[in-house]
Structure formats: C-alpha cells, structure tokens
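Student: Dropping a structure here in structure tokens format, bear with me for questions.
The values are calculated or read from the model by the stated rules, or taken from the named source; none is laboratory data. Being a predicted model, the structure only gives us computed values, none of them experimental. For neighbour counting, all protein chains shown are included, and Cβ atoms are generated from backbone atoms with ideal geometry for every residue, glycine included. Note: accessible area is taken over every heavy atom of the protein model, side chains too, but ligands, DNA and RNA are not part of it. Shrake-Rupley method; radii C 1.70, N 1.55, O 1.52, S 1.80 Å.
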Amino acid sequence: MLREAMDAPGPPWLPSAGAYAEERGLWRLLQNMVEELLIHKPDDPIQFMIDHLKQNNDDAPRICILGPPASGKTTIVSMLFQCCNTVHLPFYFLPSSALVKGWILEGFPENQEQAWMLQSSGIIPRHVVVLYAADTVLIERNSGKRLDPFTEEVYHTTFDWPSDPVIQQRLVKPEDLSEQEMSKKLLEYHRNFPGVFQIYQKVLKSVNADQPCMDVISQALTYVQTRHRSAAPFTPRILFCGPPGSGKSLQAALIAQKYGVVNICCGLLLKEAVADKTKLGELVKPYIDNGYPVPDNIVMKILAGRLNALDCVTNGWVLRGFPRDIEQGEELQKAHIIPNRVFFFNLPYESIMERLSQRRIDPVTGERYHTTFRPAPTPAIQARLRQNPKDKEENIEKRVETYYRNVKELEEFYEDAFYVNADQDPHVIFEFIESCIIKPLPCKKFKCL
C-alpha cells in the first residue's frame with residue numbers, strides 16, 4: 001500500500017504557483033539566501049535568514065572595477081557611484097551601510113591571494129568590470145596626470161582639466177609618474193591578472209578603455225545592470241503581439257521547436273473547440289460561421305483551460321492572437337495568466353501589404369504561395385490559385401487599423417515588453433527573441449540620477 005501511494009501521481013501543481021514565485025522573485029531569493037548561508041556559515045542560520053530578509057539587499061550592487069594603472073578606474077567608479085546610489089569603497093573599508101546599499105570596489109583585488117581573501121570574508125562581487133588598453137596608451141595617459149595637493153583630487157592635462165584657474169595653478173605632477181615606474185606597475189599587473197581572471201571569469205566583463213569616456217561608462221553601466229543567468233526554475237510564458245503579417249506564427253513555431261514550449265494560436269484554439277464539438281465549441285460555432293468576434297468571456301474560458309493544462313504548466317507556452325486590447329489583457333491577468341516575456345512586432349504598413357495581399361493558396365493541395373517571394377512552380381498551378389478574402393487589401397486595412405487603435409494601451413499595460421523589428425531576416429529576429437528569453441530581465445533599481 002505504501003509503495004502504491006508513493007508511486008501514485010500527486011495532484012498537479014497550481015498553475016498560478018509558478019507564476020507567483022517567478023513574479024515575486026522567490027526562486028532567486030531562495031538561491032541568494034542559500035549562497036549567503038554557505039558563505040558566512042552562521043551559528044544560527046534561522047536568525048541569519050531573518051536578518052537577511054529584513055535587509056532586503058539581494059539587488060544591491062556588488063561591483064569591482066579593475067584594470068591597469070591609468071585605465072580610468074576612478075572616473076568610471078565616480079560615474080557608477082552616481083548612477084547606482086551605492087557606496088564607493090577603498091579596498092580596506094567595508095561599512096555596514098554597504099551591506100544594504102551595495103558597494104563599488106576600485107582597484108582591488110590586485111592578485112589571486114587578495115581575491116581569495118575577499119571570498120573568505122564573504123565579500124563576493126556580482127559584477128567585475130575590467131578596463132584594458134595598450135601599454136603605450138596607458139603610459140601616455142599616465143604622463144598627463146596631475147594632483148591637487150590640497151584635496152588630493154586627480155586631474156589630467158587632456159581628459160580632465162579643471163576649469164578653475166586657482167586649482168590649475170596648484171596642481172603638481174605625482175612623484176611616482178616616471179615612465180620606468182609605470183612600466184614596472186604594468187608588468188606587475190599583467191603578471192597578476194590571470195589569477196584574478198580565473199576566480200571571477202563567470203562574472204567578468206572586459207571593456208576597452210581606449211575610447212571616449214562616455215562609451216566606456218555606458219558599457220560598464222549596461223553590464224552592471226544585467227542579472228546573471230540563474231539556476232532557479234524558469235518556465236517560459238511568452239506573448240507575441242503584432243499586426244497581421246508581422247511573422248508571429250513563424251517565430252512562435254521556431255521557439256516551440258527549439259525549446260519544447262507549447263505553441264498556441266488563439267484563433268486556431270477556437271476552431272479546434274468547434275471541430276471537437278465541445279460545449280464551449282458549440283457556443284463559438286455561430287460566431288465563427290457568421291464572421292463575428294467571439295465574446296471575450298467564452299474565449300477566456302477556452303484559453304484558460306488550455307494554458308492551465310499540464311503540458312503548458314510544465315513546459316511553458318508561446319501565445320499569439322490574444323490579447324488584442326487592454327480589456328483582454330486585464331482579463332488574462334485576472335485569470336492569473338501572466339506572461340514573463342512579451343514581444344511587440346513592428347512592421348511598416350507597406351511591408352504588411354506586400355506580405356499579405358500577394359498570398360495565394362492552391363485549393364487542390366492546400367499549398368501556400370506568394371506571387372513575389374514564392375510563386376507557383378507551373379502555369380497550371382498558377383491558374384488555379386485562390387486568394388483568401390481576408391487577404392484582400394480592404395480587409396487588411398481594417399485589421400491593421402484595428403490593431404493600431406488598441407496597441408498603444410496594450411504596450412503601456414505590458415511595460416516591460418521587448419520590441420522587435422519584424423522587417424528583417426527571420427533568423428535575425430529569432431536570435432533577438434531567443435536572447436531576450438534566455439537572459440534575465442534587467443534590475444530596475446539601477447537608474448541614473
């Protein structure tokens with residue numbers, strides 16, 4: 001009896017449970033908590049977890065800015081400090097405020113031993129930015145450094161010259177700026193860096209420092225705003241919105257084929273319900289037969305039943321054809337059907353017309369053709385091709401007008417959506433969509449002031 005009870009399948013997991021956990025970041029929260037426990041090894045793990053939750057600092061930045069002398073670390077750190085609203089640390093000081101607000105560590109660790117020392121102290125960066133440039137460039141930069149002996153601020157004759165004449169007059173050249181000293185420092189840096197790279201390679205990004213300062217800052221800021229891929233569970237719930245002819249069907253098929261998610265078209269789902277002669281299908285049939293839109297409440301019952309099925313809950317889904325307006329979007333949300341990736345396809349009106357108005361179908365074989373992109377292979381097939389009434393120009397215009405009348409509010413409703421340029425090669429589009437699905441969403445707490 002016990003064996004039978006253990007082997008019996010358990011009740012299906014509530015569909016809303018996974019969505020709630022992802023929406024509230026519970027998987028990442030648990031992962032971060034376990035990491036902190038293993039790093040700090042507290043005597044009272046329960047109290048440690050309570051304190052950890054009270055601090056609510058899992059998204060606090062923990063950044064190291066590394067690089068050889070004269071690569072611009074101080075400048076980059078000062079800009080990131082303003083954008084991230086965090087604590088700028090010398091390597092020997094870690095105030096308690098840094099645990100909550102986060103920290104940016106400049107020029108440390110310098111070698112592998114120091115990196116291990118940080119780790120053993122529980123100081124583990126989430127992002128490491130390494131600046132690099134040719135030694136000749138760095139030596140030239142170094143020769144232009146000037147120091148204000150009153151404030152100890154560092155300036156540069158080319159890149160950061162003060163506007164105040166009084167400050168200009170008192171600037172002095174640092175004592176250790178000889179080319180020979182600089183060469184020694186560079187040699188030591190190159191000798192030690194491979195050991196540091198070995199420890200931080202999974203969270204490290206190299207940025208070319210030999211380019212305009214704002215470009216360097218932009219690349220560094222973009223990187224520290226990203227979240228690393230997590231081992232936490234992630235079930236794709238993908239929504240494609242776009243005008244007719246924008247390629248949603250093709251991209252949904254490609255995503256479903258590669259990742260095994262369930263490919264759902266709302267229009268086909270309604271037709272299947274009619275073909276299967278279900279109770280809801282019988283309600284849908286007269287609307288489809290007469291060319292009228294199916295009421296939202298009926299559509300929602302059919303759609304919710306499909307999206308809450310075991311294969312969708314387990315494998316994820318990609319949905320197109322619904323919602324078409326903000327009211328339908330709100331109905332999805334009320335039903336706890338919340339996509340975690342939303343894409344809006346953009347395509348010029350002329351391209352929509354070219355794609356749709358020239359579509360033809362062979363009534364004998366069911367094969368689809370296009371007068372420009374895929375013409376019929378023989379005159380006999382060409383002669384029997386037919387055009388679907390919905391592909392006539394006047395009908396396309398109505399569908400496009402309806403889409404753009406509602407899409408603005410829908411875009412505001414899904415504020416974290418991605419926007420796809422659908423007027424390019426389908427494989428390029430697929431690569432962009434794939435990258436957005438795989439990568440975690442950026443952390444919203446990083447905002448420039």
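Student: Give the residue that is nearest to D210 (Cα to Cα), with candidates limited to residues of the stretch 129-153 that are open to solvent by less than 80 Å² (accessible area, probe 1.4 Å) and part of a strand (DSSP E or B).
Tutor: L131
Student: Is it the case that E140 is modelled with pLDDT of 90 or more and among the acidic types (D, E)? It would help to see each step written out before you state the result.
Tutor: Values: modelled with pLDDT of 90 or more: no; among the acidic types (D, E): yes.
Judged against the criteria, E140 is not a match.
Student: Q251 is checked against (1) open to solvent by less than 20 Å² (accessible area, probe 1.4 Å); (2) in contact with a Lys or Arg (Cβ under 8 Å, 6 or more places away or on another chain); (3) of a type outside the set (G, A, S) and fails just one. What number does that condition carry?
Tutor: (2)
Student: Consider R126 carefully, then state whether it is crowded, with 16+ Cβ neighbours inside 10 Å and over 20 Å from G72 (Cβ atoms). Quick ask: steps written out before the conclusion?
Tutor: Details: crowded, with 16+ Cβ neighbours inside 10 Å: yes; over 20 Å from G72 (Cβ atoms): yes.
So R126 passes the test.
Student: Is it true that F343 is in contact with an Asp or Glu (Cβ under 9 Å, 6 or more places away or on another chain), touching a residue at least 24 places away in the same chain (Cβ under 8 Å) and either exposed (fewer than 15 other Cβ atoms within 10 Å of the Cβ) or of a type outside the set (V, I, T) (or both)?
Tutor: No, not satisfied.
Student: Name the single residue that is least open to solvent (accessible area, probe 1.4 Å) among those in the stretch 172-186 being assigned to a helix (DSSP H, G or I) and out of contact with any Pro (no Cβ under 7 Å at 6 or more places or on another chain). Before you say what the answer is, go through the steps one by one.
Tutor: Keep residues of the stretch 172-186 that are assigned to a helix (DSSP H, G or I), which gives 179-186.
Of the ones still in play, those that are also out of contact with any Pro (no Cβ under 7 Å at 6 or more places or on another chain) are 179-181, 183-184.
On the way: E179: 124, Q180: 127, E181: 74, S183: 51, K184: 117 Å².
Here the answer is S183.
Residue-wise test of (1) at pLDDT 75 or above; (2) farther than 30 Å from E181 by Cα; (3) among the hydrophobic types (A, V, I, L, M, F, W, C).
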residue	(1), (2), (3)
N32	yes, yes, no
I39	yes, yes, yes
N56	no, yes, no
A60	yes, yes, yes
P69	yes, no, no
T74	yes, no, no
V77	yes, no, yes
T86	no, yes, no
P95	no, yes, no
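Student: Right, another one. Taking the residues in the stretch 355-409 that are within 24 Å of D425 (Cα to Cα) and assigned to a loop (DSSP other than H, G, I, E, B) as candidates, determine which candidate is farthest from the chain's Cα centre (by Cα).
Tutor: P377
Student: Suppose we keep only residues that are under 26 Å from D325 (Cα atoms) and of a type in the set (V, I, T) within the stretch 403-449. Which one would you say is modelled with the lowest pLDDT?
Tutor: I437
Student: Find the residue count for the stretch 97-123, including only residues that are open to solvent by 40 Å² or more (accessible area, probe 1.4 Å) and either charged (D, E, K, R) or modelled with pLDDT under 85 (or both).
Tutor: Counting residues in the stretch 97-123 that are open to solvent by 40 Å² or more (accessible area, probe 1.4 Å) and either charged (D, E, K, R) or modelled with pLDDT under 85 (or both) gives 10.
Student: Another question about this same structure. Look at I199 and say whether it is farther than 17 Å from S71 by Cα and in contact (Cβ under 8 Å) with a residue 60 or more places away in the chain.
Tutor: So I199 passes the test.
Student: Ok, one more. Look at the stretch 353-391 and say how many of its residues are closer than 18 Å to G291 by Cα and surrounded by 13 or more Cβ atoms within 10 Å (Cβ to Cβ).
Tutor: 3
Student: Of the residues Q169, Q201, which is exposed (fewer than 11 other Cβ atoms within 10 Å of the Cβ) and either under 19 Å from V128 (Cα atoms) or touching a Ser or Thr at 6+ places or on another chain (Cβ under 9 Å) (or both)?
Tutor: On the way: Q169 fails: either under 19 Å from V128 (Cα atoms) or touching a Ser or Thr at 6+ places or on another chain (Cβ under 9 Å) (or both).
After ruling out the rest, the residue left standing is Q201.
Student: Does A304 count as outside any loop (DSSP other than H, G, I, E, B), open to solvent by less than 70 Å² (accessible area, probe 1.4 Å) and without any contact (Cβ under 8 Å) to a residue 12 or more places away in the chain?
Tutor: Numbers: outside any loop (DSSP other than H, G, I, E, B): yes; open to solvent by less than 70 Å² (accessible area, probe 1.4 Å): yes; without any contact (Cβ under 8 Å) to a residue 12 or more places away in the chain: no.
Against the criterion (outside any loop (DSSP other than H, G, I, E, B), open to solvent by less than 70 Å² (accessible area, probe 1.4 Å) and without any contact (Cβ under 8 Å) to a residue 12 or more places away in the chain), A304 does not qualify.
Student: Same structure, new question: Return a yes/no flag: does the stretch 211-230 have any residue that is among the polar types (S, T, N, Q), outside any loop (DSSP other than H, G, I, E, B), farther than 30 Å from C436 by Cβ and open to solvent by 60 Å² or more (accessible area, probe 1.4 Å).
Tutor: Within the stretch 211-230 (the criterion being among the polar types (S, T, N, Q), outside any loop (DSSP other than H, G, I, E, B), farther than 30 Å from C436 by Cβ and open to solvent by 60 Å² or more (accessible area, probe 1.4 Å)), the answer is no, since none of the residues qualifies.
Student: Residues in the stretch 306-319: is at least one modelled with pLDDT of 90 or more and in contact with a Ser or Thr (Cβ under 7 Å, 6 or more places away or on another chain)?
Tutor: yes
Student: Right, here's the next one. Consider the stretch 157-166. How many of its residues are open to solvent by less than 90 Å² (accessible area, probe 1.4 Å), assigned to a loop (DSSP other than H, G, I, E, B) and under 20 Å from T74 (Cα atoms)?
Tutor: Of all residues in the stretch 157-166, those open to solvent by less than 90 Å² (accessible area, probe 1.4 Å) come to 157, 160, 162, 164-165.
Now drop any that are not assigned to a loop (DSSP other than H, G, I, E, B), which leaves 157, 162, 164.
Right, trim to under 20 Å from T74 (Cα atoms) and you get 157, 162.
Adding up the residues that qualify gives 2.
Student: Right, another one. Tell me which of these V313 doesn't satisfy, since it passes every other one: (1) free of Cβ contacts under 8 Å to residues at least 24 places away in the same chain; (2) buried (at least 19 other Cβ atoms within 10 Å of the Cβ).
Tutor: (1)
Student: Find all pairs meeting these conditions: Cβ atoms under 7 angstrom apart; at least six residues apart or on different chains; first residue within the stretch 422-449 and more than 22 Å from P339 (Cβ to Cβ) and surrounded by 15 or more Cβ atoms within 10 Å (Cβ to Cβ); second residue hydrophobic (A, V, I, L, M, F, W, C) and at pLDDT 85 or above.
Tutor: Every condition considered, the pairs that remain are D423/L347; F446/V224.
Student: Here are the criteria: (1) open to solvent by 60 Å² or more (accessible area, probe 1.4 Å); (2) outside any loop (DSSP other than H, G, I, E, B); (3) not acidic (D, E). Tell me which single one Y189 does not satisfy.
Tutor: (1)
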